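The values are calculated or read from the model by the stated rules, or taken from the named source; none is laboratory data. No experiment lies behind these values; they were computed from the predicted model shown. All Cβ positions, even for glycine, are placed from backbone atoms using ideal geometry, and neighbour counts span all protein chains on display. Surface accessibility is based on the protein's heavy atoms, side chains included, excluding ligands, DNA and RNA. Shrake-Rupley method; radii C 1.70, N 1.55, O 1.52, S 1.80 Å.
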Amino acid sequence: MSRRYDSRTTIFSPEGRLYQVEYAMEAIGNAGTAIGILSKDGVVLVGEKKVTSKLLQTSTSTEKMYKIDDHVACAVAGIMSDANILINTARVQAQRYTYAYQEPMPVEQLVQSLCDTKQGYTQFGGLRPFGVSFLFAGWDKNYGFQLYMSDPSGNYGGWKAAAIGANNQAAQSILKQDYKDDITREEAVQLSLKVLSKTMDSTSLTSDKLELAEVFLSPSGKVKYQVCSPETLTNLLVKHGVTQPATDTA
Amino acid sequence: MECVFGLVGNGFAVVVADTSAVHSILVHKSNEDKIMVLDSHKLIAASGEAGDRVQFTEYIQKNVALYQFRNGIPLTTAAAANFTRGELATALRKSPYFVNILLAGYDKETGPSLYYIDYIASLHKVEKGAFGYGSYFSLSMMDRYFHSGMSVEEAIDLVDKCILEIRSRLVVAPPNFVIKIVDKDGAREYAWRESVKDTTDAPAPAPAPPA
């Protein structure tokens, strides 16, 4: 391995690899899994929380899910502080577009714009790449509901179902088997919880280890981004048979 | 002295502009097309200072084309209008572009629309609008005869009424006008209304002198 070519982000190795970008992706492989599933009537994002403590203020802080604009949200996997910078950049880009055109920014353009920023850190400036992968979920009038995955290299793709973070390959293969094109949002929630339960290390799923968010259209046609409350999440976990209901202590 | 006006009808928008290029008291040409085709379904009718008019509208046209190449989808009329207004507003902080614009477009989802954008970056979505001295006459005629959902025939009839009023009542009225229309089938030239033609025929030979 050409260790001599590791430390500079902005040069190729003799084999034609960008080691710093690959190491960034390694860092993400240790982070909590996040799964996104595109359905006919919405996009579902599920994330595994690594920081679980009763002391955590769950009502006000989220670890995995963030809203970028009224019509776009994202799930993150990787270094949280890096993610915050990029999320802020994405938010500014979305507002800048709306300022110029008085319309919401098309989802793919937002993803592309953020990925252009990430690519800059692999080519010039001598700064390390961001150690974050994203799953973007959104709706626009051009293409309806969309799901995009992006990584530290600045590559992105549109997906029907995708996974990032720890065990993402296992999650992706289960998704490949079980996803069907005409899946509904409710079925997508069920599938995402099922896949997460199979790929997570812990023995049982409880609502404090997960975050679940959905992007869908309200009856009036407005895009809604909703993070599931812990109570609803517990009920969902029981309903889909993914966790044992709490046994009454004698 | 430049006259630009337009209105929205049933499934279409029509814009009219005079076609004289004037410098002080000299008319350079009387068939100058001041309505630019912005993209397949948008028209910009512009009036104002000669250099600014072409410079600014071409700048907008190329940026609209760039957006379409980059993103694979065209801008909506509203987005293009707001972008245009933004560019005028930014330039205004240094020195304004002296261009007044009527932007007409057709979008599949929302139908025809007309935007009034003046040189100090006001933006209004309107059903009828006009710029210049001619606006005193064309707006009055449109106020009297316009109604929502006019057919093409009714709208062109109203356009002709406005042109007649401008020709007969404005002291240095431009002689010729061009009419362009935009609907679901796209933006295109509809007609010219010429009362003075630039002659290109060779002059008639002088009669033979009497023997």
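A compact table of results
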quantity: Span from the segment B:142-211 Cα centroid across to the segment A:32-46 one, whole angstrom; calculated: 59
quantity: Chain B - charge dipole about Cα centre, Lys and Arg +1 at Cβ, Asp and Glu -1, debye rounded to 20; calculated: 460
quantity: √(5λ) per eigenvalue of the Cα gyration tensor, the protein assembly as shown, largest first, Å; calculated: 60, 26, 17
quantity: Computed [θ] at 222 nm, helices only, for the protein assembly as shown once each DSSP H run of length n ≥ 4 contributes -39500 (n - 2.57); calculated: -11000 deg cm²/dmol
quantity: Average beta-carbon neighbours from other chains, 10 Å sphere, peptide A:178-188; calculated: 0
quantity: Exposure of B:Glu165 as accessible area (Å², to 10), given a probe of 1.4 Å and all protein chains; calculated: 60
quantity: Degrees, to the nearest 10: B:152-169 long Cα axis against longest axis of chain B; calculated: 50
quantity: Whole-number D in µm²/s for segment B:52-208 (Stokes-Einstein; Kirkwood sum over Cα pairs; 4 °C, 1.567 mPa s); calculated: 72
quantity: For peptides B:66-78, B:24-36, sequence by mean Cβ density within 10 Å, most packed first; calculated: B:66-78, B:24-36
quantity: In Hz, Karplus ³J(HN,Hα) per residue of segment A:67-75 (6.51, -1.76, 1.60; θ = phi - 60°; x = Gly, Pro); calculated: 9, 8, 8, 4, 10, 9, 9, 9, 10
quantity: Fully extended contour minus Cα-Cα distance, from B:Val196 to B:Met1, at 0.36 nm per residue; calculated: 68.5 nm
quantity: Computed lengthening from A:Asp181 to A:Phe124, 0.36 nm per intervening residue step minus Cα-Cα distance; calculated: 16.5 nm
quantity: Cβ neighbours within 10 Å from other chains - mean over A:101-114; calculated: 3
quantity: Selection from B:Phe137, B:Tyr190, B:Met150, by position along the positive dipole direction of segment B:125-191 (Cβ); calculated: B:Phe137
quantity: Using alpha-carbon coordinates, inclination of helix A:185-199 to the longest axis of chain A, degrees; calculated: 70
quantity: Relative contact order for segment A:1-120, counting Cα pairs under 8 Å that sit 6 or more residues apart, in percent; calculated: 16
quantity: Principal-axis tilt of helix A:168-178 within chain A, Cα atoms, nearest 10 degrees; calculated: 50
quantity: Gyration tensor verdict on chain A (Cα atoms; rounded if a/c is under 1.5, prolate if a/b is larger than b/c, oblate otherwise); calculated: oblate
quantity: Efficiency of FRET from Cβ geometry, B:Glu153 and B:Lys94, R₀ 35 Å, rounded to 0.05; calculated: 0.15
quantity: Separation in nanometres of the label points that stand 7 Å from Cα toward Cβ, at A:Met80 and A:Arg17; calculated: 3.1
quantity: Segment B:1-101: C-alpha gyration tensor shape, a/c 1.5 cut-off, then a/b vs b/c; calculated: oblate
quantity: Protection-proxy order for peptides A:118-130, B:41-53, each taking the mean of Cβ atoms within 10 Å per residue, highest first; calculated: B:41-53, A:118-130
quantity: Extension gain, A:Lys198 back to A:Ser229 (0.36 nm per residue minus Cα-Cα distance, nm); calculated: 8.9 nm
